[in-house]
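Peer 1: The structure is given below, and queries will be raised subsequently.
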Amino acid sequence: MTHYLSFRTLSHDLSIFDESLYNTLHGEFLYSSVLGRSFFAEHFSPTLLLFLPLYLMGANPATLVIAHAAVLWAAVLVLRQVVRS
């Protein structure tokens, strides 16, 4: 979060995700004005839609930063169990 708040992140990439989700909530399915077209035209990532309910609760880029960190840690726990088996 400190990197994001101090502008030391790839804010262009984050803005594409943020804007795509925001526009989906407002009737334009995954549209990004940064790209000038749908996010799916640039990168097919249906998992982005899984973040939509979470984004609805707190519609701002910080929600995506926190969710990204949480998903990465959850993956570590799952992979740890897989490796131990």
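The values are calculated or read from the model by the stated rules, or taken from the named source; none is laboratory data. Quick caveat: nothing in here was measured; it's all calculated off a predicted structure. Cβ: placed from backbone, ideal geometry, glycine included. Neighbour counts: every protein chain shown.
Peer 1: Is it the case that segment 40-58 has a residue that's in contact with a helix residue (DSSP H, G or I) (Cβ under 7 Å, 6 or more places away or on another chain), of a type in the set (Gly, Ala, Ser) and closer than 18 Å to Leu14 by Cβ? Steps first, answer last, please.
Peer 2: Filtering segment 40-58 for residues in contact with a helix residue (DSSP H, G or I) (Cβ under 7 Å, 6 or more places away or on another chain) gives 48, 51-52, 54-56.
If we keep only those that are of a type in the set (Gly, Ala, Ser) as well, we get none.
No, because not a single residue in segment 40-58 is in contact with a helix residue (DSSP H, G or I) (Cβ under 7 Å, 6 or more places away or on another chain), of a type in the set (Gly, Ala, Ser) and closer than 18 Å to Leu14 by Cβ.
Peer 1: Could you tell me whether any residue of segment 52-63 is in contact (Cβ under 8 Å) with a residue 12 or more places away in the chain and in contact with an Asp or Glu (Cβ under 6 Å, 6 or more places away or on another chain)?
Peer 2: Scanning segment 52-63, I find at least one residue that is in contact (Cβ under 8 Å) with a residue 12 or more places away in the chain and in contact with an Asp or Glu (Cβ under 6 Å, 6 or more places away or on another chain), so the answer is yes.
Peer 1: While we're on this one: Just need a number here: residues in segment 34-85 that are within 13 Å of Thr24 (Cα to Cα) and among the small types (Gly, Ala, Ser).
Peer 2: Number satisfying all stated conditions: 2.
Peer 1: Could you tell me which residue of segment 28-85 is surrounded by the fewest Cβ atoms within 10 Å (Cβ to Cβ), considering only residues that are aromatic (Phe, Trp, Tyr) and in a helix (DSSP H, G or I)?
Peer 2: Step one: of segment 28-85, the residues aromatic (Phe, Trp, Tyr) are 29, 31, 39-40, 44, 51, 55, 73.
This time we only want the ones that are in a helix (DSSP H, G or I), so: 39-40, 51, 55, 73.
Values: Phe39: 22, Phe40: 15, Phe51: 17, Tyr55: 23, Trp73: 9.
Ranking the candidates gives Trp73 first.
Peer 1: Residues Ser32, Ser38, Ser45: which one is modelled with pLDDT under 90 and touching a Leu at 6+ places or on another chain (Cβ under 6 Å)? Let's see the steps before the verdict.
Peer 2: Details: Ser32 fails: touching a Leu at 6+ places or on another chain (Cβ under 6 Å); Ser45 fails: touching a Leu at 6+ places or on another chain (Cβ under 6 Å).
Testing whether each residue is modelled with pLDDT under 90 and touching a Leu at 6+ places or on another chain (Cβ under 6 Å) leaves just Ser38.
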